[in-house]
Amino acid sequence: MFKISFNDKNQVYLGDSLKQNKNFLIKGLVGSGLSFRLLDEFNKYPKTFLLIFSEAEEAAYYLNDLEYLIGEKNVLFFPSSYRKAYSTQDTDNSNVLLRSTVLKGLVKNKPKIIVTYSDAISEKIISEHTLKKNTLTISIGMSISMDFINESLFEYGFERVDFVTTPGEFALRGGIIDVFSFSNNHPYRIEFFGDEVQSLRTFNIKNQLSISSLDKIDLLPNTSKISFTDKRKTIIDILPESSSIISSNIDKILNRLNLLFKKAENIYKEGNSILQYPPDKLFVNSNQLIKSLESYNHLLLFRSEFIKTDEVLTFKQSPHPIFNKRFDLLVEHLNKNHNDGFDNYILCTNNQQVKRLNDIFQEMEITVHYKILECPIHSGFEDLDSKIACFTDHQIFGRYHKYSLKSDNTRKNSLSLKELTSMQIGDYVTHTDHGVGKFGGLQKIKVEESNQEVIKIIYAEGDILYLSIHSLYKISKFRGKDGYLPKIYKLGSKSWKILKQKTKSKVKSVAFDLIKLYAKRREKIGYSCSPDSYLQWELEASFLYEDTPDQSKATKEVKLDMESERTMDRLICGDVGFGKTEVAIRSAFKAVDNSKQVAVLVPTTILTFQHFKTFSKRLDKLPVRLDYLNRFRSSKDKKKILEDLENGKIDILIGTHQLANKSVKFKDLGLLIVDEEQKFGVSVKEQIRSLKTNIDVLSLTATPIPRTLQFSLMSARDLSIIATPPPNRYPIETEVIRFNESIIRDAIMYELKRSGQIFFIHNRVENINEVSGMLQRLIPDARICIGHGQMDGKKLEKTLIGFMEGEYDILIATTIIENGLDVPNANTIFINNANNFGLSDLHQMRGRVGRSNKKAFCFFITPPFTSISSEAQKRINAIQQYSELGSGMQIAMKDLEIRGAGDLLGGEQSGFINEIGYDTYHKILEEAVQELKEKEFKNLYKGIESSSIKKPIKEVQIDTDLEVLLPETYINIVSERLSLYTKLSKVKNENELDDFRKNLIDRFGEIPDQGNELLNSVKLKWIALKIGIERYVIKQGKCIGYFIEDQGDSIFKSKIFGIFLSNIQKEKSKIILKEKQTNKGLKLVLEIKNINRIDQLYNYIKFLTKDSLSL
């Protein structure tokens, strides 16, 4: 923790002023200078401080400063209960939780720093008496019935759910109650033995597992919804008497309170039943706040018209200087400060930045005077009184610094993508042997005398297949293109087998070509670049955003490829705005730094212009000459460019497929970068490759390539995946609106006021001019342009370039902007009739905004929800919830993955994926690649992958009349049982099984006998794999084990099998091993008598293979 002690006279005055019940005007504090000065006082004389800011964002930045500098337990955040001011039906439970935490903290009367803002203090809070009356305290050993807790929670307004994810929910399971109280950041798990509380613990929302044990807990309801008889108070009224209040801009705060109060009065007058009490009982106006402030010590950071100040205290602080990423200016400033007697501190967001900056300074020829450490504050300052200067890495590099709030995390965790992938009755599923059917849910069937749980799958003409839960690996949820309905066959029809066979042979030939290409490239020797120079470090350190782990990994992989002797051919794939271009710029500079030329190939004329701008901006001040070729350049320009290129005067040339012309000659081409690779024909790529053999090639694509495919294709292509969004970008604020002229006008006016630009997507060319007329009527001064695919190509490009150059304010366009138009200054987008677009389209269009360090807005304009299909409603809701960059990625994945797989493996593959489902397709692809590695390309993969050792059995089947399942009495939620069966089918080793067992006990209590048998059946399968058994039939007290057909298999020659055979000889009375004629030929069969339980069979076979399992 970084501390500064101030010993100047102003700090002494500040300390004195905090002890008097007067109003002081404090002038001259800048940025985080306020945080440091305040903390110095808090450390010397701890007492409660209330900091009131006018905006929530400003409050969040100071909150993060203080949390880091003094520790989270000493700082509390007091937010507004509502997501939007006064939409009281839209209470934000995670914010209410934070408000309750402040109330609890104040009741305990320990010194704290509380940070808040106008909207939050406008709501009155319940009194201590009401809070105590509505709190239920539970401790270990206490005697209390579950029914009583259940009824109390209903009374408190808690909602009963299957699994707890947000504050205000509870769940009952056997002898366990899970409850998310408004008094703690994590929900509680209460376990009973009869009516006695046996254990109390907190648990994690994401995996539902326990975190830590407690002795006592408080169950607290939603404080903003409690009905009350006692008078409500302002937060200031319940502060300890000795507290100090610091307000940033009190007049702005008072104006905001009046505005909100007026809004509440209007809602109340309209007879809106949401507000059951008059506004003066629930909300604070400016007069009440001024009255409450009178009895406290109050420091104002701005002069006020409404509050008189008794004394003025002036500090001398200056804001963080602007260096425009120029290190020479920074070094000069640091050394000047040092000579003037200042201590220079550079405070970085993370350790990676500390290392980066140190590297840059060490490479410089001169001594630089500074101290550097990890300390993420929001704004640097220079304190002239105490001769201390604090600089931040994000201000040096002109980056956006992001704040983080606890309520965001609570909210994020509660939105799980599990629902999107879990199986619902009626969903399509693919069975590897029988094809696509409809999922009919879990069912209980009687086998002999015991219950079995099976999965029902419905096929054509009413055929039904019951699949044992032990064979779950055979089915997967069908994933095809959005809205595509697969064909369902009759059970036992040959069509499915033929389709699978056809797909496999096609997939195999595609994979063959890919691997052949890869093999060819591995043989080529190229130019190896030298390690990074300090110029390279400087370029990377000046990146506007913080590198994501994936970006760092991709950069590292590209550099290793460039430094090795083998030629590079790497594909980088990542969502829009994830920083692929940055990796390309770094690799381009590395090539130039090694005296090589770079060609950047892009699919459209507009992109040449755009990349030229991006590259120029990033490589500004570095010794690099760039240029671009497209059909807009005059013949004179073109001639000059080609001449300079041939003479080696141009380092980086960006262009469309014109770069493949014979007239384009490079002096020494070292790297080719291909953007949006899938948009080029093979011939263009080959033409460019033939420009020069042995050049490094880096391709970029925004179509996500599914994780699962990557592993199969790793063998055929070097892939780098950038899947994490940049951390310090604003999430895009997404709102669904009706077509409302005043909302549209206000949003456009807001954007224009901050000198921004606007996209308006309207996908019907026939009336696009009417939309333009309407917008011109709403905002007469706006400069509006129109772009759509039916316009003349040159005119369209001219329009779009004009918009990029800032000649227009609003671009009304069809979905043509979906493809890579990058206008960092455009940060508001309207999508008209959003209900008509697929998820991936909406996600990609929304990705056009929020590409700089400004907050971005996206408005989906839809008809009333009642008049659009439920599918469209689901899509809009999903994309609205996942407003964070890259989170929409997970949803859009479904559709895009299929596109991605098609792009990578050729268009016709998409057809196969639609017919058999993505997961089955992937299994077939994996098998095909595996076979190729073992046969045709055996030499290429020698020693590369150990995973290519073929396993003779994929899975082991168990048919039994014993009860081997998770009983309904133990887990009564069908979807959760199915989810647990699926998880169990993927468990691979003893440790994972042990974790699975612990998790079950943690969440549902002691495991019943049938459940333990289910877990033992997994271990039984593992032993079977080692000795070659592919199927067990355990019925009527007897077990029959069928071995694999191939008697020449290496398993039968293994040491394990040898020990197993010799042990069987000793057990002849209980066990028979014989050969049996089956319809597939002779098979080895094992018979064991008197088997009535799975654990008994497991222990017996384990005994037969003892001395061998460790092998």
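Bear in mind that the values in this text are calculations on the coordinates, not laboratory data. Everything numeric in this text was worked out from a predicted model, so none of it was measured. We place every Cβ from the backbone using ideal geometry, glycine too, and count neighbours over all the protein chains shown.
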Within straight-line cross-link reach of K1068, lysines at Cα separation under 20 Å, skipping those fewer than 8 residues along the same chain: K1038, K1076, K1083, K1089, K1102, K1106
For region 1003-1014, 3J(HN,Hα) per residue [Karplus equation, 6.51 cos²θ - 1.76 cosθ + 1.60, θ = phi - 60°, Hz, x = Gly/Pro]: 8, 10, x, 4, 7, x, 4, 4, x, 4, 5, 4
S80 long-range amide H proximity, modeled H, under 5 Å: A120
HN-Hα J in Hz across region 507-515 - Karplus 6.51, -1.76, 1.60, θ = phi - 60°, x for Gly and Pro: 4, 5, 6, 5, 4, 4, 4, 4, 5
Where labels lie 7 Å past Cα in the beta-carbon direction, separation of K753 and I1044 in nm: 7.1
For region 292-371 versus region 775-844, the gap between their alpha-carbon centres in whole angstrom: 41
Karplus-derived 3J(HN,Hα), 6.51/-1.76/1.60, for each residue of region 557-570, Hz, glycine and proline x: 5, 5, 5, 4, 4, 6, 7, 8, 7, 6, 6, 8, 9, 10
Within-14-Å neighbourhood charge of K500 [Cβ basis; K, R +1; D, E -1]: +4
Gain upon complete extension [N740, N661; 0.36 nm per residue less C-alpha separation]: 23.3 nm
Farthest positive-ward along the chain dipole, Cα basis, beta-carbon charges - from N835, L642, A59: L642
R0 of 30 Å, Cβ-Cβ distance R566-R326: FRET efficiency to nearest 0.05: 0.20
Bridge type composition, the chain - antiparallel percent by DSSP, nearest 5: 45
Burial order of peptide ranges 1040-1046, 780-786 (average beta-carbon count within 10 Å, highest first): 1040-1046, 780-786
Per-pair calculated FRET efficiency, R0 = 41 Å: D280 and K316 via Cβ, rounded to 0.05: 0.40
Cα-Cα over 20 Å, subset of K3/K252; K47/K252; K456/K998; K355/K556; K371/K854; K621/K667: K3/K252; K47/K252; K456/K998; K371/K854; K621/K667
Helix-only mean residue ellipticity at 222 nm for the chain, each DSSP H run of n ≥ 4 adding -39500 (n - 2.57), per residue, nearest 500: -12000 deg cm²/dmol
Residue order, fewest to most beta carbons within 10 Å, for D575, D328: D328, D575
Nonlocal amide H pairs with I372, under 5 Å, H built at 1.01 Å: I346
Reach of K524 by Cα under 17 Å, taken over aspartates and glutamates that are not fewer than 8 positions away in the same chain: D561, E563, E565, D569, E686, D696, D718
Under 5 Å, built H, 5+ apart or other chain: amide partners of R1031: Q957, Y1042
Gained length - D8 relative to K27, 0.36 nm times residue gap less alpha-carbon distance: 5.3 nm
Restraint check, K19/K316; K1019/K1055; K446/K1019; K516/K559; K216/K291, Cα-Cα greater than 31 Å: K216/K291
Computed label-point distance, nm, for sites N836 and K649 using a 7 Å Cα→Cβ extension: 5.2
Proximal aspartates and glutamates to K923, defined as alpha-carbon separation beneath 13 angstrom and excluding residues fewer than eight positions away on the same chain: D433, E931
Label-point gap, in nm, between Q443 and K44 - each point 7 angstrom along Cα→Cβ: 7.9
Net charge dipole size for region 733-884 [Lys, Arg +1 and Asp, Glu -1 on Cβ; Debye, nearest 20]: 140
FRET E, pair I267, M774, Förster distance 41 Å, beta-carbon r, rounded to 0.05: 0.85
Cross-link table K444/K874; K27/K325; K206/K986, entries beyond 21 Å C-alpha to C-alpha: K444/K874; K27/K325
Extension gain from E936 to K636, taking 0.36 nm per residue of separation minus the Cα-Cα distance: 102.7 nm
Under 12 Å, Cβ to Cβ, from Q776 - net charge with Lys/Arg +1 and Asp/Glu -1: 0
Of [x] 53, 45, 30; [y] 64, 35, 25; [z] 60, 34, 30, the label for semi-axes √(5λ) of the Cα gyration tensor in Å derived from the coordinates: [x]
Positive minus negative residues near S476 (Lys, Arg vs Asp, Glu; Cβ under 12 Å): +3
